[in-house]
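Input: a single structure, listed below in structure tokens.
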Amino acid sequence: MLIKTKGENMDNMVKYITKQSPTLSLEDAQEWCGGYVEMVKLKDGRRILVDEDAKFKTPRPPINKEATDIINKSGIYIFKIDVLGKAIVLEKGVRKGGW
């Protein structure tokens, strides 16, 4: 499964799924994020998949600045949060793989 990344760097911590992207299965999402995924619905219609258990892992995954900014700027939480590890952003209207 090829997942579109933003920019040239393949070490990016955030992947973007658009309407033109191939179908994203749950297994693909879990593989990329590193475990069980949690979906967070953003106010602008996008969704972001994050590693549900990242804060319990040893060693702890690094803070994902890009995903943290996406969630905190969306205004869905009263308090600011940190996203740990890799994340996948599903653009508005993407309904691939049952997401």
* Set 92, 65, 19: member being among the basic types (Lys, Arg) and touching a Lys or Arg at 6+ places or on another chain (Cβ under 7 Å) -> 92
* Hey, does the stretch 18-29 have a residue that's modelled with pLDDT of 95 or more and over 21 Å from residue 93 (Cβ atoms)? -> no
* Asked: Does residue 52 satisfy being out of contact with any helix residue (DSSP H, G or I) (no Cβ under 7 Å at 6 or more places or on another chain), in contact (Cβ under 8 Å) with a residue 40 or more places away in the chain and open to solvent by 20 Å² or more (accessible area, probe 1.4 Å)?
  -> no
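The values are calculated or read from the model by the stated rules, or taken from the named source; none is laboratory data. Nothing here was measured: the structure is a model prediction, and the numbers come from that model. In this analysis, Cβ positions are derived from the backbone assuming ideal geometry, glycine residues included, and neighbour counts consider all displayed protein chains. Remember, those area values only see protein heavy atoms, side chains included, never the ligands or the DNA or RNA. Shrake-Rupley method; radii C 1.70, N 1.55, O 1.52, S 1.80 Å.
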